[in-house]
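Have a look at the structure below before the remarks.
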Amino acid sequence: MVDYEVMVGNKACAVACKLARVKVAAAFPITPQTSITEYLSELYASGEMPGFEFVNAEGELSAQIIVQAAARVGARSFTCTAGPGLQFMHHPMNDTASGRTPLVMAVVHRGLKSMQPDHSDLMDQSWLGWVHLYVENAQEILDTTIMGYKIGEDARVRLPVAVGYDGYVLSYTAEPVEIPPQDMIDNWLPPYKPPRSLFYDSPEAPIGRGGGDRGGGDPNMAWKIHHGAVEAAESVIKEVTADWAKLTGRSYGNGMIQEYKTEGAEVILTAMGTVAGSASAAVDKLWKDGKKVGLVKIRSFVPFPRKDFQELAGKYSAIGVFDRSIQPGMGGPSYREIKNSLFDTGSYPVVAGFVGGLSGKEVTVNDFVKLGEKTLEFAKAKKADAHPIWV
Amino acid sequence: MIEIRLHGRGGQGAVTASRIIAAAAFEDGRYSQAIPMYGTERRGAPLTAYVRIDNVRVRERELVHTPDYSICFDEFISMNQIIANSLKPGGVVLANTKFKAEELPLAGDIKIATVDATGIALKHLGRPITNTAILGAFAKICPEISMKGVEKAIYKYFPGRIGDMNIAAARASYEQVSELVPAINKEAPKEVVEIVSGGYGALKDVSGWRVFEPVVDEEKCIGCKNCWIYCPEAALEWTANNKPAMISRSCKGCGVCANECPVKAIEMKRVEVKKK
């Protein structure tokens with residue numbers, strides 16, 4: 001039976017671990033992630049997670065190594081962290097991905113310059129070849145954490161998946177969440193079977209670091225295989241998201257992006273994570289005033305929905321991109337990726353790069369109304385202000 | 001959509017109360033959302049939390065800036081205009097205080113109801129945790145949630161006997177809450193009193209956080225310094241006659257000193273809230 005509960009984002013994450021029958025979790029506490037582990041403990045104590053092991057690690061680096069090892073020998077594994085804790089995990093995260101080790105990690109966003117949320121912590125990890133999914137609300141945390149296992153464990157992908165969601169405004173915010181029944185998830189997500197061989201001579205083996213063995217001595221080979229695996233994740237994300245929609249009735253666009261009122265729109269805004277919620281409320285207001293502004297929520301940052309934006313490019317005269325992080329000196333990450341995606345299409349809508357919500361700065365519905373109006377102005381002028389446009 | 005702002009202190013359960021309101025609304029068949037405003041809070045620090053109730057899933061993820069309702073869990077904060085500020089015109093303030101609604105020094109185009117939630121909490125729970133003790137009153141004055149929903153939600157957070165005690169407190173406040181009375185002063189005072197002191201006690205004045213304060217019986221005191229060692233705020237000074245004395249601006253009234261005293265020479269006395 002489908003159950004409902006008013007719960008905070010961090011509890012939705014713990015409940016998803018229970019439903020996915022996670023066997024091993026290891027973590028080190030850091031605000032705003034800590035209460036996930038507390039909820040896991042409660043679920044375990046109440047007997048709802050038989051056979052579950054929680055390893056209290058002495059730091060994030062160890063936590064990552066513990067879950068990596070557990071996943072390698074076939075235990076469905078989970079870890080979670082935030083901000084500087086994620087940075088401390090950086091080194092072993094590399095091997096988790098290189099070793100083709102599927103697991104799910106919740107990243108409860110905490111910016112790198114304050115305790116409050118922005119996306120700088122997870123953006124910082126985008127070179128490691130994990131799958132990075134950004135989610136908007138507590139229901140999406142629960143759904144995406146379960147989907148994360150299905151995506152990551154798929155033989156075409158076999159990669160770790162990071163599910164990023166904003167600290168405080170989502171991790172501690174309570175809202176109604178639909179909890180799917182355990183037997184439904186058991187049927188949909190069978191127990192994890194690791195590859196038969198962990199050695200490099202097997203066709204399903206990890207990539208390793210040097211990669212010499214599988215590339216006939218070519219040192220490029222490890223990166224080539226890894227790049228291919230991340231690219232292959234795109235179609236798997238789409239399949240799994242469609243499958244989840246059939247199973248639960250809850251749909252998240254095509255999995256890579258989720259469109260809202262884009263049909264008939266002149267321009268679109270893009271957003272990632274919690275701000276997409278406020279942005280969709282802003283879009284309703286804009287349409288009410290006769291301003292045709294749609295919203296594209298970017299769910300997957302790695303792999304980036306390049307094809308989706310190439311298809312969108314010809315339909316709208318301008319795209320107002322909202323980034324909740326900035327790489328100093330380089331600009332907003334999704335702004336750069338979107339521009340990069342459009343170059344080969346031959347259609348060049350105006351692309352405006354807004355940056356805001358950093359270090360927890362509040363981004364309101366009215367802010368997004370203004371961004372929509374600004375994007376319409378840019379479309380009219382056929383030119384946007386220089387990037388970044390601070391919000 | 002209706003929006004609610006909650007004012008309280010760390011330890012009074014304002015954040016839990018926000019979740020109980022959200023759960024109660026959901027029990028009544030509505031959608032809801034409860035957002036706490038967190039910093040590096042600690043017991044006694046003023047904090048706010050917010051609730052939205054709507055007929056559709058709440059997508060807005062910003063703090064509530066113009067609430068319809070403001071609920072204050074703390075007797076001291078109840079005397080402060082901040083609980084009445086930026087409400088929608090005709091908005092409602094529910095304050096925990098012994099004073100009558102018409103006696104509260106609040107201003108604006110607002111209506112005020114009061115209830116002695118601290119008294120109710122001390123009677124039913126034995127502790128000044130006012131969250132459930134004010135929720136019954138809120139169910140009475142707010143047509144958006146029902147007492148039945150509140151009771152169901154309280155049981156979700158506090159099953160068993162603790163739930164019964166909290167529901168008894170909520171029912172008492174449902175019965176005892178005053179009528180809604182328009183504020184006497186229509187114009188809000190220009191000056192804003194800063195009551196949200198973050199940071200740490202040694203640097204900030206936290207005297208307004210106390211519900212109880214330590215009173216030392218110098219006859220009984222043996223001068224062992226246990227209280228001085230265990231005080232988490234360094235809020236006790238050592239007097240010339242080898243006895244402890246409260247540093248008023250640093251003491252948040254936690255009662256650790258009274259608890260640690262081996263000869264029970266420290267009594268935690270209820271602080272009386274006076275009108276300005």
Looking at segment A:282-306 only, could you name the residues that are among the hydrophobic types (A, V, I, L, M, F, W, C) and either open to solvent by 10 Å² or more (accessible area, probe 1.4 Å) or touching a Cys at 6+ places or on another chain (Cβ under 8 Å) (or both)? A:W287, A:F301, A:V302, A:F304
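Okay, residues lined up against (1) away from chain A (no Cβ under 12 Å); (2) crowded, with 22+ Cβ neighbours inside 10 Å:
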| residue | (1), (2) |
| --- | --- |
| B:P36 | no, yes |
| B:N55 | yes, no |
| B:E60 | no, no |
| B:H65 | no, no |
| B:I71 | yes, yes |
| B:F76 | yes, no |
| B:I83 | yes, yes |
| B:S86 | yes, no |
Is it the case that some residue within segment B:111-122 is touching a strand residue (DSSP E or B) at 6+ places or on another chain (Cβ under 6 Å), of a type in the set (S, T, Y), modelled with pLDDT of 90 or more and within 22 Å of A:V6 (Cα to Cα)? no
Which one is least open to solvent (accessible area, probe 1.4 Å), of the residues in segment A:364-391 that are among the small types (G, A, S) and touching a helix residue (DSSP H, G or I) at 6+ places or on another chain (Cβ under 7 Å)? A:G372
Among the residues of segment A:128-149, are any modelled with pLDDT under 95, among the hydrophobic types (A, V, I, L, M, F, W, C) and surrounded by fewer than 24 Cβ atoms within 10 Å (Cβ to Cβ)? no
What number goes with the only condition from (1) within 13 Å of chain B (Cβ to nearest Cβ); (2) in contact with a helix residue (DSSP H, G or I) (Cβ under 9 Å, 6 or more places away or on another chain) that A:L358 does not pass? (1)
Can you name the condition, by its number, that B:D28 falls short on among (1) within 14 Å of chain A (Cβ to nearest Cβ); (2) open to solvent by less than 40 Å² (accessible area, probe 1.4 Å); (3) of a type in the set (D, E)? (2)
Any idea which residue in segment A:1-17 is nearest to B:A25 (Cα to Cα), counting only those that are away from chain B (no Cβ under 14 Å) and touching a residue at least 40 places away in the same chain (Cβ under 8 Å)? A:V2
Can you run down the residue pairs with Cβ atoms below 7 Å, 6 or more apart or on separate chains, where the first is in segment A:341-354 and over 11 Å from A:A386 (Cα atoms) and the partner is open to solvent by less than 50 Å² (accessible area, probe 1.4 Å) and among the small types (G, A, S)? A:L342/A:A313; A:T345/A:A313; A:S347/A:A313; A:P349/A:A313; A:P349/A:A318; A:V350/A:A318; A:V350/A:A379; A:V350/A:A384
State which residue pairs qualify: first residue more than 14 Å from chain B (Cβ to nearest Cβ) and inside segment A:175-189, second residue open to solvent by 20 Å² or more (accessible area, probe 1.4 Å) and part of a loop (DSSP other than H, G, I, E, B) in any location, beta carbons under 7 Å apart, and separation of 6 or more residues or different chains. A:P180/A:V2; A:P181/A:M1; A:P181/A:V2
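Taking segment A:152-166 as the search range and keeping residues that are in contact with a Gly (Cβ under 8 Å, 6 or more places away or on another chain) and part of a loop (DSSP other than H, G, I, E, B), which one is surrounded by the fewest Cβ atoms within 10 Å (Cβ to Cβ)?
By that ranking, first place goes to A:R158.
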Given (1) out of contact with any Phe, Trp or Tyr (no Cβ under 7 Å at 6 or more places or on another chain); (2) open to solvent by 10 Å² or more (accessible area, probe 1.4 Å); (3) away from chain A (no Cβ under 14 Å); (4) more than 24 Å from B:G10 (Cα to Cα), where does B:R127 come up short, assuming only one miss? (4)
Segment A:361-391 - residue that is among the polar types (S, T, N, Q) and within 14 Å of another protein chain (Cβ to nearest Cβ) and, of those, farthest from B:V58 (Cα to Cα): A:N366
Flag if A:F322 is within 14 Å of another protein chain (Cβ to nearest Cβ), open to solvent by less than 20 Å² (accessible area, probe 1.4 Å) and modelled with pLDDT of 95 or more: yes
Which residue out of B:R161, B:R210 is within 30 Å of B:I110 (Cβ to Cβ) and either of a type outside the set (G, A, S) or modelled with pLDDT of 95 or more (or both)? B:R210
Boolean, A:P29 is within 19 Å of the chain's Cα centre (by Cα), away from every other protein chain (no Cβ under 14 Å) and open to solvent by 20 Å² or more (accessible area, probe 1.4 Å): no
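The values are calculated or read from the model by the stated rules, or taken from the named source; none is laboratory data. Quick caveat: nothing in here was measured; it's all calculated off a predicted structure. Glycine also receives a Cβ, built like all others from the backbone with ideal geometry; neighbour counts cover every protein chain displayed. For the accessible areas, the whole protein counts, side chains as well, though only heavy atoms, and no ligand, DNA or RNA atoms are used. Shrake-Rupley method; radii C 1.70, N 1.55, O 1.52, S 1.80 Å.
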